1. Report Rg(Cα)/(2.2 N^0.38 Å) for the chain, keeping two decimals.
2. What's the magnitude of the charge dipole for the range 508-623 around its Cα centre, counting Lys and Arg as +1 and Asp and Glu as -1 at the beta-carbon? Answer in Debye, nearest 20.
3. Run lengths n ≥ 4 of DSSP H only: what is the helix-derived mean residue ellipticity at 222 nm for the chain, with -39500 (n - 2.57) per run over all residues, to the nearest 500?
4. Arranged from highest to lowest average of other beta-carbon atoms within 10 Å per residue, in what order do the peptides 218-224, 378-384, 49-55 appear?
5. Give me the number: length gained by fully extending residue 188 to residue 451, i.e. 0.36 nm times residue separation minus the C-alpha to C-alpha distance, one decimal in nm.
6. For residue 509 and residue 75, what does the FRET efficiency come to when R0 = 45 Å and r is the distance between their Cβ atoms, rounded to the nearest 0.05?
7. Using the Cα gyration tensor of the range 415-506, with a ≥ b ≥ c the square roots of its eigenvalues, what is the shape: rounded (a/c below 1.5), prolate (a/b larger than b/c) or oblate (neither)?
8. Would you mind checking which residues have amide H under 5 Å from residue 85's amide H? H placed 1.01 Å from N; only 5 or more apart, or other chain.
Amino acid sequence: MSEKLFAEFPPVSTEQWEEVINRDLKGADYDKKLVWKTQEGFNVRPYYRMNDLDGIEFKNSAPGQFPFVRGTKTDNQWLIRQDYSLEEGPAKANALALDGLMKGVNSLGFKVDAKKGLSEEEMAVLLKGISIPAVEINFTGCCPGKTFPMIESFLKVAAAQGVKKEDIRASFDFSPLHNLTVRGHFCDDAFDKLAACVKAVAEYPNIRVINVNAYDFNNAGSSISQELGYAMSVGSEYLSALTDRGLAAEEIAKRIKFTFAISGNYFFEIAKFRAARVLWANIVKAYGVEAPEAQKIQSHAVTSAWNQTIYDSYVNMLRDTTEAMSAAIAGVHSIEVLPFDHPYRKAGEFSNRMARNVQSILKEEAHFDKVVDPAGGSYYIENLTASIMKSAWDIFQAVNAEGGYVAAFKAGFVQKAIKEVSAKRDLNIARRRETILGTNQYPNFLEKASDEITPEMVKRGACKKACDCTPEAEPLEAYRGAQAFEALRLATDRSGKQPMAFMLTFGNLAMCRARAQFSCNFFAVAGFKVVDNNRFSSIEEGVKAALEAKADIVVACSADDEYAEAVPQIAEAIGDKAVVVVAGDPECRPELEAKGIMNYINVRCNVLETLKEYQAKMGIKEL
């Protein structure tokens, strides 16, 4: 006799679950304790059940079928991409690319100097020894004046190799709206030149010449929903502008490629890429396109530079791994993993190898390429997909109401919305509500910035992209979330000083140890030397040890109920030989402040601003 799996277990209703949860909360507010209020504009519940799939229209679709939520293909093969600079010339880039191809890369990206482009002779050198049918070739940094000639050069070299038109897989990231977004400038004839590029590759079914750079929004600290919503607006703007110039919407859609960032929000990123497929398919269909191949989005995913750090930079490898996992599970066309040292130097052989191998492991050892949309059917992921879709669609419609992306950006509508989100994220980082491992939380206590780290690398706005033209709009500011804390720590490293914070632990063992660990972590974030201690048997013993150590800061670490009596004794004994700090926010604080004890650190602090104050006390100037 066959029996259903788990039939012996009685079903548990949602009401029963809620009853147990509320009982365990013991009167605490359910929403405050368990409901996650995200920056995406929607809330996430603590758990989801099968009935939460009701109303999700796409839940029963299959891979390769409209609206493509489960993938544009019936497999989960993606391309491993690595980009190479042409700064040292096409021959050097060619050598690096050939080496990459031997080590797992099957999608090449070449970073072109926008002002120079590539001649036919240079293109031939760049592609020497590369079998064009065997690899995808991408060009980044394309600009209006140089893209068309570069496309012609590429096609001539391919023809000289005898490659069939249908066997060429390539992309040129010509993106006039990228220039508007990051430089504030938009050429009047940019869409005309873009139309010419589309016409130039009309006989080449697998060449894309339009790039929607959603990465720009992530670089500015946007939310995931904003990145997706504004990307859809940019894509729609291209469709609208080029159909106005006589091109068929189906042909335009086949020439567009999206470049998304992959943030560290693991499950949300899986949902984002699934949502992107649905949104784009419906937008293209709204332009009267019925051909499934034209409705399918082509998504290139790049690990987020916004998430990367200069301090404790090897942690970037871990970030790269989880981010690449999100994109692989979501089912994208190609993935580029940024080297761990991307924020502060040109990648070398080691960092490039590590970046490549992240994807090779996901394929060859973790077998992520063997299953299509493994997240499909998950109550949580399906609901996230629907929520992100709605949030991004609302953003898309808001931009349309402003007259489209160009009009909305020139009016400052896009910038204002992203700044509101990025400011909240910056404050969350400053208060450690959002953790950047190794930077604002759990730093490497012994790390010192090497000489190759410059103030320009950690100061916002120091590396703005120059524009030869007069800006028509305020460009988005690209930065990294860690920069404010990195500038803080670099100020200490470059000051020639390393203030010592000494943990004066006493009284309750559990509380003094917990607060000492918190305080060590707190001051080490600014590059201060921290000296921890298990527990002193008396206040006198602790004060003596602190003075002998020549501490600059003495942190009183114990339970709140011991502070009223002990802290004034510590302050009196220390005198003006060090700054006395209380770990915590005790009820006796007003009483202590009345006695002149004014320094406190606790979990509610703005860590960034508080540490700046202590740097000032130590005579360390901001960069």
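1. 1.10
2. Around 480 debye, computed over the range 508-623.
3. Numbers: 24 runs with 281 residues, N = 623.
Calculated at 222 nm, the ellipticity per residue is -14000 deg cm²/dmol.
4. Packing proxy ranking, top to bottom: 218-224, 378-384, 49-55.
5. Extending this stretch completely gives an extra 90.2 nm.
6. Once rounded, the FRET efficiency stands at 0.20.
7. It is oblate, given that a/c is not under 1.5 and a/b is not larger than b/c.
8. 111
Read-outs throughout are calculated quantities, based only on the coordinates presented, and are distinct from any laboratory measurement. Predicted model, so just to flag it, every value in this text is computed and none were measured. Neighbour counts run over all protein chains shown; Cβ positions are idealised from the backbone, glycine included.
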